[in-house]
Each structure stands twice: as C-alpha cells, then as structure tokens.
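For reference, the structure discussed in these notes is given below.
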Protein chains: 2
Amino acid sequence: MQTIAPELAELAALIADPGRAGILSRLMDGRAQTASELALVAGVTPQTASWHLSKLVERALLKVERRGPRRLYRLATPLVAQMLEGMMTVAAIDPHPARPPPRIDAEMRRARTCYDHLAGELGVAVADAMRERGHLHLDQEAGELTASGRALLGDLGIDLRAPARGRRLLCRPCLDWSERRPHLAGRAGAAVADLALQRDWIRRRPQGRSVEITEAGLAAFRDLFGARI
Amino acid sequence: MQTIAPELAELAALIADPGRAGILSRLMDGRAQTASELALVAGVTPQTASWHLSKLVERALLKVERRGPRRLYRLATPLVAQMLEGMMTVAAIDPHPARPPPRIDAEMRRARTCYDHLAGELGVAVADAMRERGHLHLDQEAGELTASGRALLGDLGIDLRAPARGRRLLCRPCLDWSERRPHLAGRAGAAVADLALQRDWIRRRPQGRSVEITEAGLAAFRDLFGARI
DNA sequence: GTAACGCTTCGATCATGATCGAAATGTTCA
DNA sequence: TGAACATTTCGATCATGATCGAAGCGTTAC
C-alpha cells in the first residue's frame, strides 16, 4: 500500500530542526526577512542558516526574492502558515502536566500576529467580545460573521467584499496555541489586524511576531469591540 | 524572545521518522490498531515499533489501551488528526513538478476515510455534488450546510443535532491531499461516512484506510447525492 | 502451574545530517 | 574597475537517534 507517509516524514524532518522551526515560526507573520535576520533567530551562523534556508526553499515551504545583495525569505503559501498553526496548537499541548509548562514569552502571549491576523490574549479577547455581542459565531472548526458583525466592521471602514482573485473565506477560526482557544482568522481577521496597524492601535515590535498595544489601541479594543484586555 | 519553536521542532521530529509517519497515517481513520499491525505498516520489527509507539504515547500524540495481551493504539485527540491533515496537504504539494509526482496508491486515491469522514475521489465528488445542488457551501477555509442540505441528510436518517458533550462543528472543510480540493468534514461529514458504512455503500478494506465502494454504494452516491463517480 | 504469545527493555552498531571555518560567488556603489 | 558586504559552497567533524538481536515481562489459556 503506497501512501503519502514518506512525504509526510520528509516534510516533518524539515521542520524538526530547532533552527528551521524558529525560522518558520518567525516568518508566520507573513512578512519577509533577510537571511541574516533569520540566522540570528535560529541562533546559528549565516552559513548554517543559508543551508537551512536552501532546504526550505527547495521543498517549497519558503520562497525567496532578491533585493539587491540581500535575499528576502517568506512563507511560500498561506497553506504553510495554516499547517504550522495546526502543529503549534498540538505542540502547545503539554504532554506532562507535571513538568514545567513551555515558557512562552510574555509579550508573545499578550499580543502577536498569526500570519495576518491578531493572536494571543488580544486576539482571543477580541474574538470573545465579538462573540458575546453577537457579532460572531466561532467554533474550533468553523466561524461565521453575523449581520451585526458585518455592520460593526463596515462602520470601521472595513470592506468585506471578496477580492476578485482568490476565494479566501471571510471568517475562519484559528486555534490560538498560547491561549488554546480560537481567535478570528480569514479575511475578516486579516482586515481587523490591518485596521489596527493602520490606526496605530498596535505596533509591530522590531524583533519577532509580537506586537505592542498602544494606549489608543487599548481604548479602541475596549470601546469599539468590548474586549476585556 | 521565547517562542513555541523548540516544542514545534520536537513535535516535528516525532513525525519525521518514516515508520512513525506511517503509523500516524495508518491511525488517521480513528480506529485503534495493535502494535503488531503497526509494526507491519511501519515496516520495522516489533521491537522498533514498540520504541516508536512509546515515544508517540509519551508525547501524547497517541493513547494506548490494553486489550488482553495486546495493546491498542489510537490517535489521542481529533486535534492530532487535524494537524496531520494539514501536514499531508502540504506534503502532497510537489515541490519539483519535473520529478515524478508522489505515487499514491490507486485505491487510496479512489476512496478512503480521513479520520471519520470520506476522502479521496469519492469524498470530493460527494462534496462537489452537494455544492452543485445547493446543499452546501464549502471553501478551503470554512463550510456551511444549507437548509436543503440539512433536509437531504435528515431524509437519509441523519440526526444533525449536536451531542450533549463536545462542541464539534457541524460542517467543516478538509483539504483532500490526493485531490487537492476540499471535502466534507465535521459532524456532517462523519455522519455521512457512518451512514455509508451502515448501509454497506462502502466497506473498509482490511489493510489501511482505503475503502471499497459497493455496487449499491455507487448507485446511492450517484442517485441520492448526484455524485459523478 | 506452565506454556504460548504479544509486547517491551537493554545493549551495541551504524547512518544521517547539523555545524562551523575557510573560501568562493554575486551584487551594489563609487 | 575595485571595494564592501550579504550570502552561498565546500569540507571535515561530531552528535543524535534508528535499528535489530537477545532477553525479560505480563497476560491468557489450558
């Protein structure tokens, strides 16, 4: 019986190196990074990072684009991010409740981007608040934006009409690996994150995927969404 | 910056062995298997399989239950199956269109179970047909059963009310790794697969996850669902 | 109790691949 | 053209973990 198992193992082996896992994790915000930056994240020399990166590109998990003497790496497709989300969700499950739980950086747990939408306490709080106010149905497996939810986002200036190309779904749950509860993903989730960045509610920290919530953002998330953060 | 990356790598390393990948893949139909059977699937001796299995159980990807002198292994949670689905989807992407595409067993491609629902050509055909007849909206990221879809399944004797415990969603897309298109998962998908097994539309093959479509099944899927298979 | 069977543990061997220093390549800018 | 810089390639070393034979453990059946 021939199955996909060998390809599955090959794929997993690619993620099984701590350096490469760090690189992939770092790229989950969807932005591109230089090889040097990724070497730093992985904690290896540029030569070693280069070797890792070439393997990831060869297997089509990353794509690379040359910008002058630098090379910018990013996730090849959203499918890869979705896969990593799923793996992180399982990775966050502590198999031995006895041993100390995986220490997650406080800033990452507080607020971060997950590919293109909000995650961490902030992401879950926004999703919870929208759910409580009847804007949203969100389950571990699927999500739906209600009429009032569409109205809320519309009032904020978010255009929810589908783009001509790409049939990406409006509303999708994404299981938060630090909170272990779903937050808002899909087009709607990306739109909210975009809005928050544009209005300076959140700011990307220079390093990593965590974001800083501004004073204005704290007020906005509380007042406009009713989030308890 | 402390992230989940080390745990991600550790998890991936567990799947990175061809034997363990085969074992996990074999268990994706949700049924339990003995250690001996899994050793066969993995293509290793019972000792080696035992070592692999203990690692998988220790990391809480599998759970084990003793039945007399045998030990039965199964996936620990549906979350693990969902993660594997996502990985298989990426694993099925051929990074080098030049080199021969991963040879997938014809029976597996034709019809199989994916954890608890239908997959392969059959699964995709049923989902497509339901979509064409307006029973279903199904996208790569989310799914929704229409009123007519609920009626169809209701007429077939499927009770779609949620069980008291567990808030599993009714309708969910699952990206088919052999067809690269979504098929029907979630409670509705599981119910359809259950029905098909009960009415002898499909029969599990003794080995592996592929299923045989009976004559009656062929007629039923064509007549009742409008599937082109 | 004892034999049969399924499975696991132990120990030794062996192969794979991650790593970095050194050197080469390639790109931009002056 | 040459200098500066980012990145890659090459080569050698080293650590990890997959493997199986042999032996041990536990359960069931007679």
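Condition test on A:VAL64, is it surrounded by fewer than 23 Cβ atoms within 10 Å (Cβ to Cβ) and in contact with a strand residue (DSSP E or B) (Cβ under 6 Å, 6 or more places away or on another chain)? Against the criterion (surrounded by fewer than 23 Cβ atoms within 10 Å (Cβ to Cβ) and in contact with a strand residue (DSSP E or B) (Cβ under 6 Å, 6 or more places away or on another chain)), A:VAL64 qualifies. Of all the listed residues (A:ARG168, A:ARG181, A:ARG161), the sole one being open to solvent by 20 Å² or more (accessible area, probe 1.4 Å), modelled with pLDDT under 95 and more than 14 Å from chain B (Cβ to nearest Cβ) is A:ARG161. So which pairs qualify, if the first residue must be in segment B:22-45 and within 10 Å of DNA strand C (Cβ to nearest atom), the second must be charged (D, E, K, R), the Cβ gap must be under 6 Å, and the two must be at least 6 apart or on different chains? These pairs meet every condition: B:THR34/B:ARG70; B:ALA35/B:ARG71. For segment A:22-34, filtering for residues that are within 13 Å of DNA strand D (Cβ to nearest atom) and either hydrophobic (A, V, I, L, M, F, W, C) or assigned by TED's automatic domain parsing to the domain that holds A:LEU118 (or both) leaves 2. Looking across segment A:1-21, just one residue is at the interface with chain B (Cβ under 7 Å from one of its Cβ atoms), farther than 16 Å from B:GLY86 by Cα and open to solvent by less than 10 Å² (accessible area, probe 1.4 Å), and that is A:ALA21. Considering A:LEU56, A:LEU72, the condition of being within 13 Å of chain B (Cβ to nearest Cβ) and within 21 Å of A:GLY208 (Cα to Cα) is satisfied by A:LEU56 alone.
Looking at B:THR34, B:THR45, just one residue is under 28 Å from B:GLY120 (Cα atoms), more than 7 Å from chain A (Cβ to nearest Cβ) and β-branched (Val, Ile, Thr), and that residue is B:THR34.
Selection over segment B:35-60 of residues that are open to solvent by less than 60 Å² (accessible area, probe 1.4 Å), outside any helix (DSSP H, G or I) and within 13 Å of DNA strand D (Cβ to nearest atom) gives a count of 2.
The values are calculated or read from the model by the stated rules, or taken from the named source; none is laboratory data. Keep in mind it's a predicted model, so treat the numbers as computed, not measured. Quick reminder, even Gly has a Cβ in these numbers, built from the backbone with ideal geometry, and neighbours come from all protein chains shown. Heads up: the accessible areas ignore ligands, DNA and RNA and are worked out on the full protein's heavy atoms, side chains in. Shrake-Rupley method; radii C 1.70, N 1.55, O 1.52, S 1.80 Å.
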